Number of protein chains: 2
Amino acid sequence: AVASPAIAQSAPEIKWRMTSSFPKSLDTIYGGADYFAKQVAEMTDNKFQIQLFAAGEIVPGLQAFDATANNTVEMSHTVSYYYVGKDPTFAIFASVPFGLNARQQNSWLYQGGGNELANEFFKKFGVIGFPCGNTGTQMGGWFRKEIKTVADLSGLKMRIGGIAGQVLQKVGVVPQQLAGGDIYPSLEKGTIDAAEWVGPYDDEKLGFQKVAKYYYYPGFWEGGPTVHAFCNLEKWNTLPKTYQAILTNAAANANTWMAARYDMQNPVALKRLVAGGTQLRPFSNEILDACLKATNELWGEISATNPDFKKTIETMQAYRSDEYLWWQVAEYTYDSFMIRSRTRG
Amino acid sequence: AVASPAIAQSAPEIKWRMTSSFPKSLDTIYGGADYFAKQVAEMTDNKFQIQLFAAGEIVPGLQAFDATANNTVEMSHTVSYYYVGKDPTFAIFASVPFGLNARQQNSWLYQGGGNELANEFFKKFGVIGFPCGNTGTQMGGWFRKEIKTVADLSGLKMRIGGIAGQVLQKVGVVPQQLAGGDIYPSLEKGTIDAAEWVGPYDDEKLGFQKVAKYYYYPGFWEGGPTVHAFCNLEKWNTLPKTYQAILTNAAANANTWMAARYDMQNPVALKRLVAGGTQLRPFSNEILDACLKATNELWGEISATNPDFKKTIETMQAYRSDEYLWWQVAEYTYDSFMIRSRTRG
């Protein structure tokens, strides 16, 4: 393709479209894209307008990246792990089982070479990406009965997708791929035994607490998932430098906005869920240990034939090792004390 | 004062000055302001230029806020707890002992009404503030000898300022106010017994590891301190809406940039320090418990005569209680497992 010429005018009027992978009802994750677009509009006096579309309005939610790659829309707001069918490397820039927590993920992407590695990879698809949201550590999901051991996972039909599903399959789970709207009826009927979604605020909206009693944590496959704003690379290259800077800053702002908003909403929702009878349960160490082992096995299998994945996962793992070395000193001991003394004012 | 008229032109050429509370050598905390100013310049094609000055170039580091209030400079980059001499309420918007961690602090400020409360307060001084950096949980500082009990703190001369100094004084410490450059010689000569600064990356630069063996954690008086960009309110009101939006987005971006950069730098510095012989030590529960008790006493004393402080500390405490209620579920158990299994890949 011949590159479009750069737009010479310094503040041209531009109207772009952005497709979200989410419905409007998920007001925080969908809202992150809305907030992003508003920032761009405000910084340009509405000269650069990015019109946002919910999942399904232009393309289905899980085709948002593709729609950006093929320039159906200039931008998308989605999670790169949805595209592991193309290449499992996609997952690492969002979240993989036992990956980085939200702040470490930002550090890796912004300061540890992660974004550069990501964009080298996304470039193959004609796309450039910007971190534009994070949910924080997610919950492990809703279970109709208690699970205590790895044996309890055997044959368990759980709605969980992508690489997390592959990991859980190794420990006996039968992963089910279901769209958001199909989860509740399946769980109600018992067609599935368990389902993971996001965290208290989003999960409560879908009503899972009415059809499954046990709410497990942590969602070890999503320690701090990054939501990306993706931009068609050729279109990106036509933007004046000022608009490129404006878009970059708006995405960074929206990245923090989403995490801050989930952190405001989740405690309140969690309290309501527990007051309504939801039983919180931690995954047992036996289950976590088995899943970590399964995860490392899977990385070995994928890395054997996929050099991009191998390079990226090893880079992330080295970063993670350093991050948690430091985390266990100041951050973690601080949080430990604060949790222990929470009720003492 | 008569308000300056709003600048009618949509993209006027503006040159402002910003004074930092930090020397250039602290390249991450000073660098946050530099990054901020660069973002503003890039987004406006250099039409809105904010020239940055290090501490002492225009005004001393600890007068940065005042210089903004009285319009000596339009902006400053500083930590609001430096100004507790005017009113202890200033501290709460940056960090107080046993306050919020970095992500919770963002949630409170951006989504929990914290920024609105802050700016209602800063308005009394003719200033508006924007979170523009965070160090993460700091270290507890360098000690020439081990301290295990509260009795060991008795008479200990420690370089620590502000409200943290007042708390430690209640448990026997003799707080010392020393500028950054005076700490090393005082610690070397034994004029002081201990000193706190920031964290591994910044502390290593000042060479404290050469004159004190024990490096304590966590810095419970700075769980996640916010660095602010302050702007003279009257000057702020003259900006076109686009520039206000640009400045706001640049500050939010720089806020994350600084935390991400410290998170990248601290692990590497920590490894060097430990390899060089530094002995890491956690504060004992006895010390942490006594300091929490002293902190709550101090809040009662200040609140008795200062309604702004009372309102703000109670708001922060309520937010903190909810945050850590949620934190202990997904985030903390995730970090716990990751720390425990760090060496297992």
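In the condition set (1) surrounded by fewer than 24 Cβ atoms within 10 Å (Cβ to Cβ); (2) within 25 Å of B:Thr315 (Cα to Cα); (3) of a type in the set (D, E, K, R), A:Lys241 is compliant with all but (2). Tally up the residues in segment A:292-307 that are touching a residue at least 60 places away in the same chain (Cβ under 8 Å) and either open to solvent by 40 Å² or more (accessible area, probe 1.4 Å) or basic (Lys, Arg) (or both), please. The total comes to 1. The set of residues from segment A:169-220 being more than 14 Å from chain B (Cβ to nearest Cβ) and among the charged types (D, E, K, R) comprises A:Lys170, A:Asp182, A:Glu188, A:Lys189, A:Asp193, A:Lys205, A:Lys210, A:Lys213.
From the list B:Gly133, B:Gly113, B:Gly99, the one residue that fits, being more than 26 Å from B:Arg261 (Cβ to Cβ), in contact (Cβ under 8 Å) with a residue 12 or more places away in the chain and within 14 Å of another protein chain (Cβ to nearest Cβ), is B:Gly113.
Could you count how many residues in segment B:316-345 are in a loop (DSSP other than H, G, I, E, B), open to solvent by less than 30 Å² (accessible area, probe 1.4 Å) and not β-branched (Val, Ile, Thr)? Summing the residues that are in a loop (DSSP other than H, G, I, E, B), open to solvent by less than 30 Å² (accessible area, probe 1.4 Å) and not β-branched (Val, Ile, Thr) in segment B:316-345 gives 1. Every residue in segment B:40-72 that is open to solvent by less than 70 Å² (accessible area, probe 1.4 Å), within 24 Å of A:Tyr243 (Cβ to Cβ) and charged (D, E, K, R), please. If the condition is that a residue be open to solvent by less than 70 Å² (accessible area, probe 1.4 Å), within 24 Å of A:Tyr243 (Cβ to Cβ) and charged (D, E, K, R), then B:Lys47 is the only one that fits. There is at least one residue in segment B:76-94 that is touching a Pro at 6+ places or on another chain (Cβ under 7 Å), more than 14 Å from chain A (Cβ to nearest Cβ) and farther than 18 Å from B:Thr295 by Cα.
Per-residue answers, yes or no, for (1) farther than 21 Å from B:Pro282 by Cα; (2) part of a loop (DSSP other than H, G, I, E, B):
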position	(1), (2)
B:Val167	no, no
B:Leu187	no, no
B:Asp202	no, no
B:Phe220	no, yes
B:Gly223	no, yes
B:Phe230	yes, no
B:Tyr243	yes, no
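Among the residues making up segment A:42-67, those that are farther than 19 Å from A:Leu233 by Cβ, more than 9 Å from chain B (Cβ to nearest Cβ) and in a helix (DSSP H, G or I) are A:Gly61, A:Leu62. For segment A:195-219, the set of residues classified as open to solvent by less than 10 Å² (accessible area, probe 1.4 Å) and in contact with a helix residue (DSSP H, G or I) (Cβ under 8 Å, 6 or more places away or on another chain) consists of A:Ala195, A:Gly199, A:Pro200, A:Asp202, A:Asp203, A:Gly207, A:Phe208, A:Ala212, A:Tyr215, A:Pro218, A:Gly219, listed by residue number.
Yes/no per residue for (1) open to solvent by less than 30 Å² (accessible area, probe 1.4 Å); (2) closer than 21 Å to A:Ile160 by Cα:
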site	(1), (2)
A:Trp221	yes, yes
A:Gly224	yes, yes
A:Ala245	yes, no
A:Ala254	yes, no
A:Pro267	yes, no
A:Gly276	no, no
A:Arg281	no, yes
A:Leu288	yes, yes
A:Glu314	no, no
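Within segment B:269-284, being at the interface with chain A (Cβ under 8 Å from one of its Cβ atoms) and either free of Cβ contacts under 8 Å to residues at least 40 places away in the same chain or hydroxyl-bearing (Ser, Thr, Tyr) (or both) holds for one residue alone: B:Lys271.
The values are calculated or read from the model by the stated rules, or taken from the named source; none is laboratory data. Since we're looking at a predicted model, the values are computed, not measured. Please note: Cβ atoms are built from the backbone with ideal geometry, for glycine as well, and neighbour counts cover all protein chains shown. All accessible areas refer to the heavy atoms of the entire protein, side chains included, with ligands and DNA or RNA removed. Shrake-Rupley method; radii C 1.70, N 1.55, O 1.52, S 1.80 Å.
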